[in-house]
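First up is the structure itself, then whatever we jot down about it.
A short reminder: the numbers here are calculations on the coordinates, not readings from a lab. None of these values were measured; they are calculated from a predicted model. No Cβ is skipped: glycine too gets one built from the backbone with ideal geometry, and neighbour counts run over all protein chains shown.
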Amino acid sequence: MSNNQSIVQNEPQSVARVEQRQFVRPPCDVYENVDEFLLVADLPGVSKEDVTIQMEQGEVLIEAHRSAPAVQGKVLSTEFTAADYRRRFALPVGVDESKVQAELRDGVLRLHLPKSESAKPRNIPIH
């Protein structure tokens with residue numbers, strides 16, 4: 001990563017219980033190219049209305065809620081339960097917060113964190 005900057009996980013590794021609700025840390029991948037950082041989070045069973053993304057003081061917080069499936073009939077076995085996802089990252093210097101975009105497709109959140117022009121590498125012309 002440029003200037004030894006990176007997106008850093010900013011929370012403990014374990015699953016937390018708060019007010020009897022279980023918070024699950026979704027698996028995330030982070031990529032960097034010349035123009036942006038890309039954070040990809042796996043959020044199965046979540047719709048875009050159930051996702052919030054907050055950026056504040058150099059951190060990004062992703063929270064989402066997955067409801068238990070509404071199915072009629074007697075439950076014989078269940079492994080897919082309601083859960084709340086939560087993941088927090090510290091951002092590197094140089095992210096242009098005014099241009100951040102997010103998309104959710106097939107349970108995968110893609111958070112585009114564009115670099116500011118001053119953070120991008122540039123060539124200096126020789127005169």
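Magnitude of the Cβ-charge dipole of segment 36-119, K/R +1 and D/E -1, about the Cα centre, nearest 20 debye?
Values: 10 positive and 14 negative charges, 56 e Å.
Roughly 260 debye for segment 36-119.
For TYR31 and GLU97, calculate 0.36 nm times their separation in residues minus their Cα-Cα distance, and state this gained length in nm to one decimal.
22.1 nm
How far apart, in nm, are two points set 7 Å out from the Cα along the Cα-to-Cβ line at ILE126 and at GLU79?
Each label point is offset 7 Å from its Cα along the Cβ direction, giving 6.2 nm.
Given points 7 Å out from each Cα along the Cα-Cβ axis, report the ARG88 to ASP106 separation in nanometres with one decimal.
3.2 nm
May I ask for the distance between the Cα centers of segment 21-35 and segment 93-127, given as a whole number of Å?
Spelled out, the Cα-based centre of one part sits 16 Å from the other.
Report, by chain and number, residues whose modeled amide H sits under 5 Å from the one on LEU43, excluding near sequence neighbours (fewer than 5 apart, same chain).
So LEU43 has HN proximity to VAL108, LEU109.
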